[in-house]
1. Restricting to region 19-72, count the residues that are farther than 22 Å from L97 by Cβ, part of a loop (DSSP other than H, G, I, E, B) and among the acidic types (D, E).
2. Does G100 fit the bill of being on the phi > 0 side of the Ramachandran plot and not hydrophobic (A, V, I, L, M, F, W, C)?
3. Only one of these conditions is not met by Y102: (1) surrounded by fewer than 16 Cβ atoms within 10 Å (Cβ to Cβ); (2) part of a loop (DSSP other than H, G, I, E, B); (3) in the same structural domain as W55 (by TED's automatic domain parsing). Which number is it?
4. Give the residue, chosen from R109, R120, R68, that is in contact with a His (Cβ under 6 Å, 6 or more places away or on another chain), loosely packed, with under 14 Cβ neighbours inside 10 Å and not hydrophobic (A, V, I, L, M, F, W, C).
5. Working only within region 90-111, note down all residues that are over 17 Å from L136 (Cα atoms) and touching a residue at least 12 places away in the same chain (Cβ under 8 Å).
6. What single numbered condition from (1) touching a residue at least 60 places away in the same chain (Cβ under 8 Å); (2) in a helix (DSSP H, G or I) fails to hold for V151?
7. With the structure loaded, tell me whether V165 is modelled with pLDDT under 90 and buried (at least 16 other Cβ atoms within 10 Å of the Cβ) or whether it fails that test.
Amino acid sequence: MAQDASVNSDAGPRADTAPDRVTRTQIKYHRWARTDRTARFGDLFNLVSHPDYLWMAWTVVARNKGARTAGIDGVTVHQIEQRGEIGAFLSGIAAALHDGSYRPAPVRRVLIPKPGGKSRPLGIPTVTDRVVQQSLKMVLEPIFEADFLPVSYGFRPKRRAHDVVAEIHYYATRGVPVGVGRRHRRMFRPHRPPGAARAGTGTDLGQEDRGIGTGIPQGRGAR
């Protein structure tokens, strides 16, 4: 059964009511996704461009550490705030999404120095693209979260790499076989759980298990 976006896309955002309205919609969609695995959600695009969602997406982007960092267009969150153009900025995004003229801009590439003389490439989107991406995330995440398994940790809300280490430590110290894919082995070098080598796995957490690949993402069911 298809579920349609129920928020009126013509309503303007209000800072005092937008958080509650967005949260209630997210909870409703998550509940639908969990109770009906065959549910299909229609008209989600109206939520992405809805003023409440764009406002909440803006608040998240503005709180991020990169708020003073510009994308390829040279515009920062701070500049938009200083000019008092937040409302016009978000209205422009909504209009571009509605009329189909929105196009993501190329990201600004920078190199972040790493120990040993290496560097890590980082792509910095424009503020516009960050807001759109965050709004899209706020719409889709409650729906797809219902498909993930409890053992999935990557890029999920209220979960982090430390939780993975803690769970591996819990099971490894209780004799449960543990395998670590070679793609992630470096993250365990600084912190090797006590007793990991005695877990009966034949594999040290700091070593590559040649019988295990890079892993298979969990909970990727299309919705």
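The values are calculated or read from the model by the stated rules, or taken from the named source; none is laboratory data. This one's a predicted model, so the numbers in the text were calculated from it and none came from an experiment. Using ideal geometry, Cβ is built from the backbone for each residue, glycine included, and neighbour counts are taken over all protein chains shown.
1. 1
2. In short, yes.
3. All conditions are met except number (1).
4. Unique residue meeting the criteria: R68.
5. Once the filter is applied, which keeps residues that are over 17 Å from L136 (Cα atoms) and touching a residue at least 12 places away in the same chain (Cβ under 8 Å), region 90-111 yields P106, V107, R108, R109, V110.
6. (2)
7. The answer is yes for V165.
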